[in-house]
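Report on the structure given below.
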Amino acid sequence: MESTTAKAALKPAARRSALLGAMFLMATSAIGPGFITQTTAFTVQLGAAFAFAILVSILVDIAIQTNVWRIIGVSGLRAQELGNKVLPGVGWFLAGLVFLGGIVFNIGNIGGTGLGTNAMLGADAKIGGAVSAVVAILIFISKRAGVALDRIVVILGALMILMTLYVAIVSAPPLGEALKNTIMPEKVDFLVITTLIGGTIGGYITYAGAHRMLDTGVTGVENVKQIAQSSIAGILVTCVMRILLFLAILGVVAGGVTLTGSNLAASAFQAAAGDIGMRVFGVILWAASITSVIGAAYTSVSFVTKSTTTERTRNLITVGFIAFCAVAYLLIGQAPQQLLIFAGAFNGLILPVGFGVLLWVAWRRRDLMQGYVYPKSLLIIGVVAWLLTLFLGYSSVISLGKLWA
């Protein structure tokens, strides 16, 4: 969010803070209201066997994010800029998919903040959503928007982890059974695995942290080690939250509690820790949703602007993006189901297209990588993950066809 001049002027302490913000922006963007809902539903469905799906999603996440961060970081260019240099127009096609998907999902994210404030304070969901949208807007119109963004995602990310840890301890999950199923699952559901991967890595989420990293000035061949370490650290934050949330829900399910109602996650937290659990769930859901609002807005706008665009202009566009999504939420109450399906399909298409372009740059366009010799092992891991994204993309096309029919 800082201008090019500001990047160069960032002091070491400020740069470390911004890089920490990039790590948490990636992590918190992946942990939105949809992820919380998916984790609860799948844990109820599979029990301890869901641990295997989480392990697979984490491994795929590592394969994709380590490549995305390194390619974008070393090149110093955003994903759509690299796309346009590989094949003119591809970058803007990718940007259009990300931006349209970001709008629809952000309506859902704002809806999540409303549900969070309702569970936390008993407030009307629409009022909670509107107030939360204003909070997000205030971050981007503040004089030091970049600093504000970094601090709030780090603070809220840490808060989510600590509160989920509390519920995971209280619910007393069967750790031995969960560990066993991580390696030798009693049941494997491939649809669950692909759904989890698409929901936690697809769309704007793939690029949130890497695009923010460009603003820190940590780019180029000379910073490869720091780029690699930062990507791993961000993935670890995401992994910790995924595992803790799974264990919190598993403890309730394994204890024999039957979760019912329209909000299974809220029921699970209440069963684990009573009314306090419900309030804690509200805080976690709100924090997950507001950071996803910020992440979706920031990343979506980064795709339709250039590196040379001034900070003020980008912030104003981001404010408009959030305001538009907030108004849409207030008018319709939630993201329409069909639009969410379309946006989910967009996510499935974005991943193989965008990631494929980046891998091509790493393999064949050393000129864009400042002469950097890309590690073959990392490239091979990336290609294997890319092949899986092709399957996700195919599934997305099929779902679009069914919806159209």
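The values are calculated or read from the model by the stated rules, or taken from the named source; none is laboratory data. Note that the structure is a prediction, hence the values are computed from the model and not measured. No Cβ is skipped: glycine too gets one built from the backbone with ideal geometry, and neighbour counts run over all protein chains shown. Side chains included, ligands, DNA and RNA excluded: accessible areas come from the protein's heavy atoms. Shrake-Rupley method; radii C 1.70, N 1.55, O 1.52, S 1.80 Å.
The single condition from (1) surrounded by 19 or more Cβ atoms within 10 Å (Cβ to Cβ); (2) closer than 24 Å to F281 by Cβ; (3) in contact (Cβ under 8 Å) with a residue 40 or more places away in the chain that V135 fails is (1). Elements of the type helices (runs of 4 or more DSSP H) sitting completely within the range 161-233 and holding at least 1 residues that are β-branched (V, I, T) and modelled with pLDDT of 85 or more: these cover 175-183, 205-214. Select from the range 74-101 the residues that are more than 24 Å from V221 (Cα to Cα) and outside any helix (DSSP H, G or I) and write down the one among them that is nearest to the chain's Cα centre (by Cα). Among them, the one singled out is G89. Pairs linking a residue in the range 362-384 that is more than 18 Å from P352 (Cα to Cα) to a residue that is surrounded by fewer than 16 Cβ atoms within 10 Å (Cβ to Cβ), with Cβ atoms under 6 Å and 6 or more positions apart or on different chains, are Q370/V221; Y372/V221.
Taken over the range 15-27, the criterion of being surrounded by fewer than 22 Cβ atoms within 10 Å (Cβ to Cβ) and either touching a residue at least 60 places away in the same chain (Cβ under 8 Å) or in contact with a strand residue (DSSP E or B) (Cβ under 6 Å, 6 or more places away or on another chain) (or both) is satisfied by R15, S17, L20. Being closer than 29 Å to G274 by Cα and buried (at least 19 other Cβ atoms within 10 Å of the Cβ) holds for only one residue in L162, L149, L156, and it is L156. Out of L368, L359, L388, L351, one residue alone is at negative phi, buried (at least 16 other Cβ atoms within 10 Å of the Cβ), modelled with pLDDT of 90 or more and within 24 Å of the chain's Cα centre (by Cα). It is L359. Look at the range 183-197: where a residue is in contact (Cβ under 8 Å) with a residue 24 or more places away in the chain and a partner is of a type in the set (D, E) and open to solvent by less than 10 Å² (accessible area, probe 1.4 Å), sitting 6+ places away or on another chain with Cβ atoms under 9 Å, you get I197/D61. Determine whether the range 257-272 contains at least one residue that is within 29 Å of I201 (Cβ to Cβ), at pLDDT 90 or above, more than 15 Å from the chain's Cα centre (by Cα) and surrounded by fewer than 24 Cβ atoms within 10 Å (Cβ to Cβ). Looking for residues that are within 29 Å of I201 (Cβ to Cβ), at pLDDT 90 or above, more than 15 Å from the chain's Cα centre (by Cα) and surrounded by fewer than 24 Cβ atoms within 10 Å (Cβ to Cβ), one finds none in the range 257-272, hence no. Against the conditions (1) open to solvent by 10 Å² or more (accessible area, probe 1.4 Å); (2) over 23 Å from Q370 (Cα atoms), where does A30 fall short? Just the number, please. Looking at each condition in turn, A30 falls short on (1).
Pairs linking a residue in the range 302-331 that is at negative phi to a residue that is at pLDDT below 90 and outside any helix (DSSP H, G or I), with Cβ atoms under 7 Å and 6 or more positions apart or on different chains, are T310/S3; E311/M1; E311/E2; E311/S3; R314/M1; N315/M1.
Selection within the range 90-128: residues that are under 11 Å from P33 (Cβ atoms) and not polar (S, T, N, Q). The member of this set that is most open to solvent (accessible area, probe 1.4 Å) is L115. Selection within the range 102-150: residues that are in a helix (DSSP H, G or I) and of a type in the set (S, T, N, Q). The member of this set that is farthest from T310 (Cα to Cα) is N118. Against the conditions (1) touching a Lys or Arg at 6+ places or on another chain (Cβ under 9 Å); (2) more than 16 Å from T291 (Cα to Cα); (3) among the aromatic types (F, W, Y), F99 satisfies every one except (1).
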